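Below is one structure, written out as structure tokens, with a few remarks after it.
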Amino acid sequence: MRPGWDEYFMEVARTVATRATCPRASVGAVLVRDHRILTTGYNGAPRHVAHCTEVGCELVNGHCLRSTHAEANAIVQGALHGVGLEGATAYCTHQPCVNCAKLLISAGVTRIVYAAAYPDPFAQALLAEAGVALVPFSSLETARAGS
């Protein structure tokens with residue numbers, strides 16, 4: 001059966017996550033507008049910096065300092081290649097943290113679909129205040145199954 005757009009782009013995000021280089025989590029993000037992929041990103045070290053898989057993670061308070069989050073990398077790809085993200089939907093394998101939520105808001109993303117929950121009440125509040133829809137992928141699957 002042919003997948004719907006949400007299923008299709010979430011599957012692309014899951015595939016992008018397989019490129020992640022921080023062993024703590026494989027996270028992928030795909031930014032889309034008008035059914036077209038604008039950028040992708042996965043969690044890993046910045047350009048020209050050794051990856052966690054090569055030298056290990058640098059952990060502080062349970063967070064890896066070496067790795068850049070998938071959403072941030074997707075936004076950076078837009079900046080590097082002159083791709084505007086205004087009005088885009090972000091498909092993320094994990095719910096964005098507060099820092100990625102702020103970046104997505106500032107980049108003009110209007111909808112975020114995520115697969116795995118990473119509840120952050122402040123990130124959720126900021127997204128709501130900015131008018132960015134935060135949609136669990138499971139609710140889309142349930143809605144599709146019911147129709």
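Every number here is computed from the coordinates shown, using simple stated rules; none is lab data. In this text, all values refer to a predicted model and were calculated from it rather than measured experimentally. A quick note on method: Cβ atoms are made from the backbone with ideal geometry, for glycine too, and the neighbour counts reach across all protein chains shown.
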Exercise for the section: Go through the chain and flag any cysteine with no other cysteine's C-beta closer than 4.7 Å, please. Expected result: 92, 97, 100
Exercise for the section: Provide the FRET efficiency to the nearest 0.05 for the residue 79-residue 49 pair, computing r from the beta carbons and using R0 = 22 Å. Expected result: 0.80
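Note down the Stokes-Einstein diffusion coefficient of the range 1-109 in µm²/s, whole number, using a Kirkwood radius over alpha carbon pairs, 37 °C, and 0.692 mPa s. Before the final figure, lay out the partial values.
Working: Rh = 14.1 Å.
Roughly 233 µm²/s, to the nearest whole number.
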Problem - Spin-label model distance (nm) - residue 19 vs residue 65, 7 Å beyond Cα toward Cβ - result: 2.7 nm
Practice task
Describe numerically, in nm with one decimal, the distance between label points set 7 Å from Cα along Cα→Cβ at residue 129 and at residue 58.
Solution key: 3.0 nm
Problem - Separation in nanometres of the label points that stand 7 Å from Cα toward Cβ, at residue 106 and residue 34 - result: 2.7 nm
Practice task
Apply 1/(1 + (r/R0)^6) to the Cβ-Cβ distance of residue 8 and residue 139, taking R0 = 22 Å, and write down the FRET efficiency to the nearest 0.05.
Solution key: 0.85
Handout entry: the range 63-121-the range 4-49 distance, computed between alpha-carbon centres (Å)
Key = 10 Å
Practice task
Beta carbons within 10 angstrom, averaged per residue: use that to sort the peptides 56-66, 9-19, 112-122, highest first.
Solution key: 9-19, 112-122, 56-66
